[in-house]
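Engineer: Structure below; questions to follow.
The values are calculated or read from the model by the stated rules, or taken from the named source; none is laboratory data. On a predicted model such as this, the values are computed, not experimentally measured, just so you know. Heads up, the Cβs are rebuilt from the backbone with ideal geometry, glycines too, and the neighbour counts pull from every protein chain shown.
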Amino acid sequence: MYTELLDKGYACLRRGDPDAALIRFRHAAESEPERPQAYFGMAMVYLERDSSDETVTALEKALSVDPSYIPARAYLGIEYLKRYDIARAEEELERALRDEPTNLLAHIKYAEHYYRLGFYHRSVEILQRGLKGPHGANEHVVTMARQLLVQARQKSKNMILREPPDPRRWLRLFARFIPRKGDEMCATGKVELS
């Protein structure tokens, strides 16, 4: 019954009926409160509604039930990032990857973290590492990873990468204005402007 309610909830969410999905996920959570998947489903509904506070609450509830539930931890990291709490976001995402290094969804969310911060090259590295390893993810998650990888590669190509300016060049430019020993102006201590 639990998995049936979850399946119906996700079907409602795909059809664009978040209210019906939320009802299914709540029933699933009531039937088996010791399993995190229903709370994660509720978080997906709240995410669809752009309700950040309720999303975080549902994700934290899923993690309180099962701290090793990687999808909840990965999405929680992105929610913290949306709130500009970069340290907590990175902590959650690093823990998700540390707990399950082959989880492709954790790689996707960590890459999204760097993508949102503008570190596109780092995002590409994480996605390539996640896709290269034995992840065992379903085709939908693999497609998400590939789409984000294409976007990150495009962004990183569009960036103008240049070398920082050489400070010696500036020193040579301003050297003619710096008085030297033996100059008349340096000996008198007076500088005349012409």
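Engineer: Looking at Arg73, is it out of contact with any Asp or Glu (no Cβ under 6 Å at 6 or more places or on another chain) and of a type outside the set (Gly, Ala, Ser)? Steps first, answer last, please.
Structural biologist: Details: out of contact with any Asp or Glu (no Cβ under 6 Å at 6 or more places or on another chain): no; of a type outside the set (Gly, Ala, Ser): yes.
Judged against the criteria, Arg73 is not a match.
Engineer: Further, regarding this structure: Just one of Glu92, Glu60 is among the acidic types (Asp, Glu), in contact with a Lys or Arg (Cβ under 7 Å, 6 or more places away or on another chain) and within 29 Å of Pro33 (Cβ to Cβ); which is it? First the steps, then the outcome.
Structural biologist: Values: Glu60 fails: in contact with a Lys or Arg (Cβ under 7 Å, 6 or more places away or on another chain).
Residue meeting the stated conditions: Glu92.
Engineer: What is the residue count in the range 56-99 for residues that are modelled with pLDDT under 95 and among the polar types (S, T, N, Q)?
Structural biologist: 1
Engineer: So, of the residues in the range 1-19 that are aliphatic (A, V, I, L, M) and either buried (at least 16 other Cβ atoms within 10 Å of the Cβ) or not in a helix (DSSP H, G or I) (or both), which turns out to be farthest from the chain's Cα centre (by Cα)? I'd like the intermediate steps shown before the answer.
Structural biologist: Kept after step one, since they are aliphatic (A, V, I, L, M), are these residues of the range 1-19: 1, 5-6, 11, 13.
Keeping just the survivors that are either buried (at least 16 other Cβ atoms within 10 Å of the Cβ) or not in a helix (DSSP H, G or I) (or both) gives 1, 5-6, 13.
Numbers: Met1: 34, Leu5: 30, Leu6: 26, Leu13: 23 Å.
Among them, the one singled out is Met1.
Engineer: Before we move on, is Glu139 at pLDDT below 95 and under 26 Å from Glu48 (Cα atoms)? Spell out the reasoning first.
Structural biologist: On the way: at pLDDT below 95: yes; under 26 Å from Glu48 (Cα atoms): yes.
Spelling it out, Glu139 is indeed at pLDDT below 95 and under 26 Å from Glu48 (Cα atoms).
Engineer: Please go through the range 27-51 and give me each residue that is of a type outside the set (Ser, Thr, Tyr) and assigned to a loop (DSSP other than H, G, I, E, B), ordered by number.
Structural biologist: Glu32, Pro33, Glu34, Arg35, Pro36, Arg49, Asp50
Engineer: Kindly indicate which of Ala74, Ala62, Ala89 is among the small types (Gly, Ala, Ser), farther than 19 Å from Leu117 by Cα and crowded, with 18+ Cβ neighbours inside 10 Å. First the steps, then the outcome.
Structural biologist: Working: Ala74 fails: farther than 19 Å from Leu117 by Cα; Ala89 fails: farther than 19 Å from Leu117 by Cα.
After applying the criteria, what remains is Ala62.
Engineer: Aromatic (Phe, Trp, Tyr), within 25 Å of Tyr115 (Cα to Cα) and part of a loop (DSSP other than H, G, I, E, B): is that true of Tyr84 in this structure? Spell out the reasoning first.
Structural biologist: Numbers: aromatic (Phe, Trp, Tyr): yes; within 25 Å of Tyr115 (Cα to Cα): yes; part of a loop (DSSP other than H, G, I, E, B): yes.
When the stated conditions are applied, Tyr84 passes them.
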